[in-house]
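Okay, so here's the structure we're looking at.
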Amino acid sequence: MDVLVIGAGTGGMCLAHGLRQAGINVAVYERDRTRSDGLHGYRVGIDPHGSRALKACLPDQLYRTFMATCARAPEHFVFFDEQLRPTLALPLRPATDDVDSERSVSRMTLRQVLFTGMQDVIHFDRTFVRYEHRTDGRVTAHFADGTTATGDLLVAADGVNSAVRRQYLPHARTEDTGIIAITAKVPMTPRTTALLPTRFFPGIGMVLAPGGKSCILHWMEFPWDRQGRPRNDDELLARWPGLLFDNTRDYLNWGIAAAADKFPADIMTYGGDDLIRLVLRTTPTWSPRLRELFTLGDPSTAFAITIRTSVPIPAWPSTNVTLLGDAIHTMTPGRGVGANTALRDAQLLTDELTLVRDGRKGLVEAVHDYETRMIEYGFQAVRDSREQMTADALVHKPVLGRVALAGMRGYLRVVDRVPALKRRMIDGLYEYRGGQD
Ligand SMILES: Cc1cc2nc3c(=O)[nH]c(=O)nc-3n(C[C@H](O)[C@H](O)[C@H](O)COP(=O)(O)OP(=O)(O)OC[C@H]3O[C@@H](n4cnc5c(N)ncnc54)[C@H](O)[C@@H]3O)c2cc1C
């Protein structure tokens, strides 16, 4: 069995590792050799679902390298008002278990980890343009440079604008949620860390403000210093070649989100300095310390992003073309599970194709069983994530929005004061994110 994977992102590479570990022929076709633009320099939170999939698919040593290259794990999730007053502080479970915990990782570093040892599997500078079914039942992928590749199964792992999906499921759409986010990194220094309450360190902060505006804050402290040298003599880290190419150093990251009508129509043409000035204009009454943090954002890292989501579709008849990750279920970052769901897909598809390898299932039957489960949890995650981040939500309405915000803050304060409610909220969070306890 030859498997062709289009896209060497999080999901595609996890699948490639899983298949190679299972002794199944796999080739990955990727258009970009190196990426540092947009989100690629940013954090991605890996939850127990994601860690479990990486552990199942990666060789053991590489999984340990993934863990060694994660930033310091978040210890709290704190909600603030726009004056930086905490409304609820949720303690996160210590990252002692190698699967059952929350991890923060630089996307670039995760990409480098996933590329490690896969030189013979990944074909760079191959932009997929279309596929065709052959008369012998196999499938041929065509690339922009005129080359082709033929296999038994074609897997679309080519992200939100998937060219495979456009051809295979032309009725599957993505749409704007009406939310725009602006984000930037702030180098972590004594001056910048002094701007945030100590309750935030090391953790994740969420500012909920009037007008449906919000701001997420991430603390990213890496196990290497400003020169890229491992801080703790970690042997795995010292030997890992990818670190040489990493340009991510400790930072704080802020990301403001609001309905598109709060921003100018031409925001996508703004440069970094203009975006930071715009954030300051959008938050005139916010805490001066938070606004100083916005001012200290590195303009070269600032960018705006339109938040998009898939529109779930009914199941389709399975064939020897399938999809995983954002290619089929793009979701808003509202729940922080897009990459984790892509990893979950990769593990599930690996398991199904292993049954084909062993002669226990036919290929299309295995694809069908994979798609049945993936469609269920994938589109559920799409719906849940949209609920968290859409301009249709009450908080974005002029008058009702204030009432909704007051209600939400009141609820968070009550949870903060009632240990049983707090425990239930933490348990719910872990359960949703694949925690096993
Ligand atoms: C602001 C924001 C924050 C987020 N935070 C989180 C988080 O904390 N946790 C989480 O789980 N998720 C998060 N997500 C979601 C997460 O980023 C995505 O769900 C995840 O990256 C999807 O992985 P993927 O492998 O499906 O696609 P991608 O990682 O996008 O990979 C697709 C790959 O396909 C390649 N490609 C595209 N087209 C072609 C082509 N025609 N030919 C060849 N190659 C091609 C691309 O170059 C790319 O390498 C966030 C998203 C956003 C927008």
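The values are calculated or read from the model by the stated rules, or taken from the named source; none is laboratory data. Remember, it's a predicted structure, so these values are computed and weren't measured experimentally. Neighbour counts run over all protein chains shown; Cβ positions are idealised from the backbone, glycine included. Heavy atoms of the whole protein, side chains included, go into the accessibility calculation; ligands, DNA and RNA do not. Shrake-Rupley method; radii C 1.70, N 1.55, O 1.52, S 1.80 Å.
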Query - Computed label-point distance, nm, for sites Trp316 and Arg383 using a 7 Å Cα→Cβ extension - result: 2.1 nm
Query raised in the report: Of all the accessible heavy-atom surface of region 373-437, with the other protein chains kept in place and a 1.4 Å probe, what percent is carbon and sulfur?
Result: 56 percent
**Report entry** Added length on full extension, which subtracts the Cα-Cα distance from 0.36 nm per residue, Arg277 to Arg373
**Finding:** 30.0 nm
Query - Antiparallel %, DSSP beta bridges [both residues in the chain], to 5 - result: 70 percent
Report task. Evaluate E = 1/(1 + (r/R0)^6) for Asp392 and Arg134, where r is the Cβ-Cβ distance and R0 equals 30 Å; express this FRET efficiency to the nearest 0.05. Result -> 0.10
Query - Simple label model, 7 Å out from Cα along Cβ direction - Asn232 to Val403, nm - result: 5.0 nm
Report task. Give the distance, in whole Å, between the Cα centre of region 194-219 and the Cα centre of region 333-390. Result -> 32 Å
Requested in this report: Work from the charge dipole of the chain (Cβ charges, +1 for Lys and Arg, -1 for Asp and Glu, about the Cα centre) and give the residue of Val279, Leu363, Val160 farthest towards its positive end.
Outcome: Val279
Query raised in the report: How would you rank 264-277, 338-351, 309-322, highest first, on the average number of other Cβ atoms within 10 Å across their residues?
Result: 338-351, 309-322, 264-277
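Give, rounded to the nearest 20 debye, the magnitude of the charge dipole that the chain has about its Cα centre when Lys and Arg contribute +1 at Cβ and Asp and Glu contribute -1 at Cβ.
About 1240 debye.
On a 29 Å Cα-Cα criterion, which of the cross-link pairs Lys185/Lys213; Lys262/Lys422; Lys185/Lys262 come out too long?
Pairs exceeding 29 Å: Lys262/Lys422.
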Query raised in the report: What share of all Cα pairs of region 1-90, in percent, falls into each consecutive 10 Å distance bin?
Result: 13, 33, 31, 14, 8, 1
Report summary line: Mean accessible area per residue over the chain (1.4 angstrom probe, all protein chains present, square angstrom) is 43 Å²
Query raised in the report: Quick one: if the Förster radius is 41 Å, what FRET efficiency do Met206 and Lys55 give, using the C-beta to C-beta distance and rounding to 0.05?
Result: 0.90
Query raised in the report: So how much slack lies between Arg64 and Glu365, counting 0.36 nm per residue of separation and subtracting their Cα-Cα distance, in nm?
Result: 105.0 nm
Query raised in the report: Which distance in nm do the two modelled labels at Tyr411 and Asp266 give, with both placed 7 Å along the Cα-to-Cβ direction?
Result: 4.0 nm
**Report entry** Cα-Cα pairs of the chain separated by more than 30 Å (percent)
**Finding:** 44 percent
Query raised in the report: If one computes the Cα centroid of region 4-22 and of region 55-107, what distance in Å separates the two points?
Result: 24 Å
Requested in this report: Provide the gained length on full extension for the span Gln436 to Thr285, in nm with one decimal, where the gain is 0.36 nm per separating residue minus the Cα-Cα distance.
Outcome: 50.2 nm
